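Working notes, beginning with the structure itself.
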């Protein structure tokens with residue numbers, strides 16, 4: 001177990017509680033933002049923290065699986081807030097790369113899930 005094990009376990013427990021307590025009647029935009037800021041974003045940032053700063057913290061297979069599943073649970077809940085059902089199967093690494101690129105967990109979620117659907121860009125000719 002890495003030194004991140006307890007934090008990963010806590011994220012895993014919170015993701016499961018959030019899944020069990022999902023309420024579609026809650027204000028969707030606020031709930032979606034909470035799932036990203038307090039959930040998926042925390043999982044992604046933990047991975048970034050462990051992989052940057054001149055050190056590569058090794059995760060066990062179980063830790064990496066728990067981190068991935070937790071992040072994907074929150075991305076699924078985020079999508080459900082917009083009325084979209086999906087089975088998220090993203091890697092934490094791809095989410096982390098997007099976070100480092102965009103610096104915004106909302107952009108990461110939108111790029112990974114396509115929720116809300118992107119509008120075509122208007123081109124002026």
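Read-outs: derived from the displayed coordinates by stated rules, not from any lab. All of these numbers come straight from a predicted model, not from anything done at the bench. Neighbour counts run over all protein chains shown; Cβ positions are idealised from the backbone, glycine included.
Counting beta carbons within 10 Å around each of 97, 89 and listing the fewest first gives the order 89, 97. Could you give P(r) for the chain, binned at 10 Å from zero, as whole percent values over all Cα-Cα pairs? For the chain, the pair-distance distribution reads 13, 44, 29, 10, 2, 0.
For the chain, set up a Gaussian network in which alpha carbons nearer than 10 Å are linked by springs, and say which option among 39, 83, 54 fluctuates the most. Of 39, 83, 54, the most mobile in the Gaussian network model is 54. Angle of helix 41-51 to the longest C-alpha principal axis of the chain, folded into 0 to 90 degrees and rounded to 10: 50°. Calculated mean residue ellipticity at 222 nm for the chain: -19000 deg cm²/dmol, from DSSP H runs with n ≥ 4 weighted as -39500 (n - 2.57), summed, divided by the residue count and rounded to 500. Across the range 1-75, the volume of the C-alpha convex hull divided among the residues equals 72 Å³ per residue. Of the residues 105, 115, the one with the fewest other Cβ atoms within 10 Å heads the list, and the complete ranking is 115, 105. Pairing the Cα long axis of helix 5-20 with the longest principal axis of the chain, what angle in degrees results, from 0 to 90 and rounded to the nearest 10? Around 40 degrees separate the two axes.
Between 34, 25, 107, the GNM of the chain built on Cα springs shorter than 10 angstrom shows 25 fluctuating the most. Exposure proxy for 45, 74: other Cβ atoms within 10 Å of each Cβ, ordered fewest to most, give 45, 74.
On a 0 to 90 degree scale, rounded to 10, what angle separates helix 61-81 from the longest Cα axis of the chain? The answer is roughly 20 degrees. Taking label positions 7 Å along the Cα-Cβ direction at both residue 29 and residue 85, the computed distance is 2.6 nm, reported to one decimal.
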